[in-house]
1. Across the range 3-126, how large is the tail of the calculated P(r) beyond 26 Å, expressed as a percent of all Cα pairs?
2. At a Förster radius of 30 Å, what calculated FRET efficiency corresponds to the Cβ-Cβ distance of TRP50 and LYS78, to the nearest 0.05?
3. For the chain, what is the calculated [θ] at 222 nm in deg cm²/dmol (nearest 500), taking -39500 (n - 2.57) for each run of four or more DSSP H residues and dividing by its residue count?
4. Step through the residues of the range 93-98 one at a time and calculate ³J(HN,Hα) from phi using the Karplus curve (6.51 cos²θ - 1.76 cosθ + 1.60, θ = phi - 60°), rounding each to whole Hz and writing x for Gly and Pro.
5. Suppose every K and R has +1 on its Cβ and every D and E has -1 on its Cβ; what is the size of the dipole of the chain about the Cα centre, in Debye to the nearest 20?
Amino acid sequence: MQHDCLFCKIASGALPAHKIYEDDHILAFLDLHPIRAGHSLVIPKTHHVWFEDLPEHLATRITTCAQKIARAQKAIYKVPRVSMFYTGIHVPHAHAHVVPMHHMHDVTSSAYLHDGATAFSTPPQGDARELTDTATIISEHLIN
Ligand SMILES: [Zn+2]
């Protein structure tokens with residue numbers, strides 16, 4: 001664990017998160033600044049900065065979890081596609097974004113590029129109650 005790392009703190013339980021899935025190796029929770037409702041993050045519990053440096057078993061677990069989340073998001077939000085991507089931006093702890101795509105440009109993303117193509121803005125923080133409800137709905141879908 002890296003003590004100054006936000007996601008290590010979430011993975012260890014030192015900081016709260018709207019969790020949707022957890023096992024001994026990975027954790028999935030809602031992005032506090034969602035591009036779209038249901039925008040989830042999947043992280044390894046151990047500290048790795050870059051996704052390309054993840055051991056294969058962790059990369060596979062993260063992808064498999066993201067596939068389950070994607071199926072849940074399609075069922076919940078009735079979207080034709082879900083995007084999964086690693087950007088390496090914002091928090092230096094590898095995290096896969098899983099975003100229900102209501103629009104083709106959700107992934108480019110107009111929300112991130114709000115301040116122009118040379119800057120990265122953060123979408124507004126989601127409403128806490130809404131995030132809690134969303135976490136419950138997605139995690140219930142993952143059980144099925
Ligand atoms: Zn970390």
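None of the figures in this text is laboratory data; all of them are computed from the coordinates on show. Here the structure is a predicted model, which means the values were calculated and not measured. Cβ atoms come from the backbone with ideal geometry, glycine included; neighbour counts cover every protein chain shown.
1. Across the range 3-126, Cα pairs with separations above 26 Å total 17 percent.
2. Numbers: r = 34 Å, r/R0 = 1.14.
That pair, TRP50 with LYS78, gives E of 0.30.
3. Details: 3 runs with 45 residues, N = 144.
For the chain, the value works out to -10000 deg cm²/dmol.
4. Using θ = phi - 60°, the values come out as 9, 3, 8, 8, 8, 10 Hz.
5. Details: 11 positive and 14 negative charges, 81 e Å.
That gives the chain a dipole magnitude of about 400 debye.
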